[in-house]
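Worksheet: one structure, shown below.
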Amino acid sequence: MTAGLFVGATLTMWLHVATFEAMKTVSIRDAKNRLTELAREVEEGETIVVTRNGRPVFDLVPHQKRGGLNLEAGQAYLRARGITNPVPFIADDFDDPLPEDFLLRPLPES
């Protein structure tokens, strides 16, 4: 083994150990009885693993607000590039049902 591989492997192992976080684990019965206390811990950033018969069932994690589609940013992007109509044409029959044999017919020759 070369010295570079050894240093890289050692560094990788050290980083893995350094970033390891121990999560608090509670049984589902205990979680039921201590829900308010556990909720306070989760609010402070703690992640709690809830188990049944020693096996993880779910995690209690801090709530994260979901991001959504930013329409204003999309419109600004289009304006900056001079795009006035992002969908220039939609066929009149776009929503019409497809024929039953649509997937069975061979593709047209080009």
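The values are calculated or read from the model by the stated rules, or taken from the named source; none is laboratory data. This one's a predicted model, so the numbers in the text were calculated from it and none came from an experiment. Cβ sites come from the backbone with ideal geometry, for glycine too, and all protein chains shown count toward neighbours. Quick note on the areas: whole protein, heavy atoms, side chains included, nothing else; ligands and nucleic acids left out. Shrake-Rupley method; radii C 1.70, N 1.55, O 1.52, S 1.80 Å.
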Among the residues of the stretch 85-97, is any assigned to a loop (DSSP other than H, G, I, E, B), at pLDDT 90 or above, among the aliphatic types (A, V, I, L, M) and surrounded by 10 or more Cβ atoms within 10 Å (Cβ to Cβ)? no
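Residue by residue, here is whether (1) part of a strand (DSSP E or B); (2) in contact with a Lys or Arg (Cβ under 9 Å, 6 or more places away or on another chain); (3) surrounded by 13 or more Cβ atoms within 10 Å (Cβ to Cβ) holds:
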residue	(1), (2), (3)
A22	no, no, no
D30	no, no, yes
T36	no, no, no
V42	no, no, yes
P56	yes, no, no
D59	yes, no, no
P62	no, no, no
G67	no, no, no
A76	no, no, no
Mind checking which residues of the stretch 44-54 are open to solvent by less than 80 Å² (accessible area, probe 1.4 Å) and not charged (D, E, K, R)? G45, T47, I48, V49, V50, T51, G54
